[in-house]
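Trainee: Here it is, the structure, as structure tokens.
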Amino acid sequence: MEESKKFITSIEEEPEKSQLEKINMPRLYKQMLLDQISIEGQSRLGEAKVLVIGAGGVGSSALFYLVAAGIRTIGIVDGDFIDLSNLNRQILHTSARIGENKASSAQQTLLQFTPDPTIKTYPFFLSKENAEEIISSYDIVLDASDNPSTRYLVNDAAILQKVIHLLLS
């Protein structure tokens, strides 16, 4: 195995202390036992900065799994508000939050799930004026928007900022 690709593959090996300090061991221990993840891999997951565009049906599911995987820096862009008709598929939102902004509601739910991540909300729609500035702060952007004009905007801004862009649907 090449030296640059060496991963710690068991919990018994001695990782760097700084790696362990940043990982929520009780929550993430089992996934670190997987050879494909390990402590080093978990540390790298935690250091990723992921932006999710849209906290509706697809974005809700993606956000839950990002937090569960141990991503510690997440941004959520959504200018829409919760409606009763959203609740059957938008799992981050509740009846008590009808009328609230989806990005803010998503943040509340995710921080109840685990207090570990830093979650920045952008409680407005992405626009030509703000897209590049917002996207440039992240390593990966997940586009869970539901309209073509936003998808084109996210694609263009991600290319210009050299940020990995994944389209979710």
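Bear in mind these aren't lab numbers, they're just calculated from the coordinates by the rules spelled out. Here the structure is a predicted model, which is why all the values come from computation and not from measurement. Don't worry about glycine lacking a Cβ; one is built from the backbone with ideal geometry, like all the others, and counts go over all protein chains shown.
Trainee: Quick one: net charge of residue 74's neighbours, Cβ under 13 Å, K/R +1, D/E -1?
Mentor: -1
Trainee: For the stretch 48-167, compute Rh as the Kirkwood radius over C-alpha pairs and then the Stokes-Einstein diffusion coefficient at 20 °C and 1.002 mPa s; write the answer in µm²/s, rounded to an integer.
Mentor: Taking Rh from Cα pairs, D becomes 153 µm²/s.
Trainee: Order of 122, 152 from fewest to most other C-beta atoms within 10 Å?
Mentor: By the 10 Å Cβ count, ascending: 152, 122.
Trainee: Using the 10 angstrom Cβ neighbour count as an exposure proxy, how do 136, 127 rank, fewest first?
Mentor: Fewest-to-most Cβ neighbours within 10 Å comes out as 127, 136.
Trainee: What ³J(HN,Hα) values, in whole Hz, does the Karplus curve 6.51 cos²θ - 1.76 cosθ + 1.60 give for the stretch 50-60 when θ = phi - 60°, with x put for Gly and Pro?
Mentor: After applying 6.51 cos²θ - 1.76 cosθ + 1.60, I find 10, 10, 10, 9, x, 10, x, x, 6, x, 4 Hz.
Trainee: Then there's this: Only Lys, Arg, Asp and Glu count, each charged at its Cβ (+1, +1, -1, -1), so figure out the dipole size of the stretch 48-167 about its Cα centre, rounded to 20 debye.
Mentor: Charge dipole, the stretch 48-167, about its Cα centre: 220 debye, nearest 20.
Trainee: Next up: Go through the stretch 101-110 residue by residue and turn each phi into a ³J(HN,Hα) via Karplus (6.51, -1.76, 1.60, θ = phi - 60°); whole Hz please, and just put x for glycine and proline.
Mentor: Listing the rounded values in order: 5, 5, 5, 5, 4, 4, 4, 4, 5, 5 Hz.
Trainee: Here's something else I'd like to know. Once amide H atoms are placed 1.01 Å from N in the peptide plane, what residues at a sequence separation of 5 or more from residue 141, or on another chain, have their amide H within under 5 Å of its amide H?
Mentor: Distant-sequence amide H within range of residue 141: 51, 164, 165, 166.
Trainee: Within the stretch 72-141, report the trypsin sites (Lys or Arg not before Pro) that DSSP leaves as loop and that have at most 15 other Cβ atoms within 10 Å.
Mentor: 89, 128
Trainee: For the stretch 48-167, compute the number of Lys pairs whose alpha carbons are separated by less than 17 Å, excluding pairs fewer than 8 positions apart on the same chain.
Mentor: 4
Trainee: Taking amide H atoms as placed 1.01 Å from N in the peptide plane, list the residues 5 or more away in sequence, or in a different chain, whose amide H sits under 5 Å from that of residue 120.
Mentor: Amide H to amide H, under 5 Å and 5 or more residues apart or across chains, residue 120 pairs with 74, 75, 76.
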